[in-house]
1. How many nm separate the modelled label positions at S330 and A282, each set 7 Å beyond the Cα in the direction of the Cβ?
2. Rounding to the nearest 20 debye, state how big the charge dipole of the chain is about its Cα centre with +1 on each Lys and Arg Cβ and -1 on each Asp and Glu Cβ.
3. Can you give the angle from 0 to 90° between the axis of helix 170-183 and the longest principal axis of the chain, with both taken from C-alpha atoms, to the nearest 10?
4. Take the Cα atoms of the chain, find their three principal axes, and give me the spread along each one in whole Å, biggest first.
5. How much accessible surface area, in Å² rounded to 10, belongs to the heavy atoms of S19 with a 1.4 Å probe?
6. Taking a quarter of the surface of the convex hull around the Cα atoms of the stretch 211-340, what do you get in nm²?
7. Which whole-number percent is the relative contact order of the stretch 2-208 (Cα, under 8 Å, 6+ apart)?
8. Work out, step by step, the length gained on full extension between A216 and M263: first 0.36 nm times the residue separation, then minus their alpha carbon distance; give nm to one decimal.
Amino acid sequence: MALYDGFIPVNLLTGFLGSGKTTLLQRLLANPDMANTAVLINEFGEIGLDHLLLENIDEETVILQSGCVCCTIRGDLSNAIRALYNKRERGDVPSFDRLAIETTGLADPAPIVSTLLADPVVRHHFRLGNVVTTVDGLHGMMQLETHPESVKQAAVADHLIVTKSDIAAAADVAALTSMLRRINPAASFHKSADEDLRPDTLFRNDIYDPATKAAAVGDWLRTEAEHDHGNRDVNRHDRGIRAFSITEDQPLDWTAFGMWLTMLLNRHGENILRVKGILNVAGAETPVVIHGVQYTVHPPAHLERWPTDDHRSRIVFIVHSLSPDSIKRSLAAFNGLANAA
Ligand SMILES: [Zn+2]
C-alpha cells in the first residue's frame, strides 16, 4: 500500500441504502492488512445497527447517528475525526494507520469529500484515499433513476462494486454496469459476488484525485467549497424520506414476524427503501439479522452471539411517504395475535 509521508489515509465507503456497504466493510476489516484501521460509521436513524454487525467493535469504532454527515450533522464528521486523532496521539486508542468511513445510504458524497479534502485540521493529519461505492445489482438501476444521491455516489467513486450480481438477472447487471460506465468511465469495476475484494486491490494508488472524475464532480466540490454550511446544514434529502425504529422487549414469534414483514413489503415495498434489524427470536439463543430493500427480503443471518448486553429486538426502517405509526401499530397487532395464539 502507498506510503503517505506521514498522512493517515482515509477511505470513504458509500453506496445507496441496502447496497452492501457494511457487508463489504466487514469483509475488508477481516483482512489482516486492515488490522490497524479505525472505523467511523454514520447511520441515518436514531438507532445504529451497522456497527453491531461488524465482528469486532472496539474503541477505534466511532458511530455518528441521528443525522447525516453530508448535511444535518456535517460538522460532526471533522469533529469526530479530530477527536479520534487526539485519542490516538494520547494513546487512548491503538495507533491506527487507516481510517474507513461508512456513510449513510442516503448521503450526498460531495460535501463529505469536500470536508475531507478541505478541512484544515483533517488535512493536517489525514489524506483522502480511494472512494469505494457499492451499487445494488438488484435495485441499482431504479435507485440511479430515482435518487440523485445514488448518481453522485457512483460518480465520485474510484472503485464501483456491483453487489448481489449472483441473485440479479445477468441482463439487469449488464444494463446497470453500462449505465455506471456512462456516469463514471474512469472507475474500476468489480462484482462482489465474483471477486475476492482485497484491501490491496481497492487501496492501491490510494490518493483521491477529483481531476480523474467526471467534470460534474469538480463542479460539486467547487460548490461545496464556495458555500460555508457551518456545522449544521439543512436536510438535503427528499423530505418524504424518514427513518424510524421499532424496539421490542419480548422475544418475537418468528413465523408471525416473517408473515408480517412479508405482507408489509408486499403491500408497501415501493416505499420501504430499507429495513434492517437485529432480532431476539423466541427459542433462538443468538440474534437473527434481517435485511430488506423494497420488495426484497434477503435470507436472515444468525450472529454467533449478541454483540452487546442489549438483547431487545431493534428494527430500523427508512421509508418514503409512509407513516411510522401505521407500521408500528400493524406489528403490535401481529405480535398480539401471535401471543394470544
Ligand atoms: Zn445528508
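The values are calculated or read from the model by the stated rules, or taken from the named source; none is laboratory data. This one's a predicted model, so the numbers in the text were calculated from it and none came from an experiment. Using ideal geometry, Cβ is built from the backbone for each residue, glycine included, and neighbour counts are taken over all protein chains shown. The area values use the complete protein model at the heavy-atom level, side chains included, leaving out ligands, DNA and RNA. Shrake-Rupley method; radii C 1.70, N 1.55, O 1.52, S 1.80 Å.
1. It is 2.2 nm.
2. Values: 31 positive and 43 negative charges, 123 e Å.
Here the size comes out at about 580 debye.
3. Taking Cα atoms only, the helix is inclined about 40 degrees.
4. 65, 48, 39
5. 0 Å²
6. On the way: hull surface 46.4 nm².
Seen from a random direction, the Cα hull of the stretch 211-340 projects 11.6 nm² on average.
7. On the way: 382 pairs, mean separation 59.0, N = 207.
Result for the stretch 2-208 is 29 percent.
8. Working: separation 47, 0.36 × 47 = 16.92 nm, distance 4.14 nm.
Stretched fully, the A216-M263 segment lengthens by 12.8 nm.
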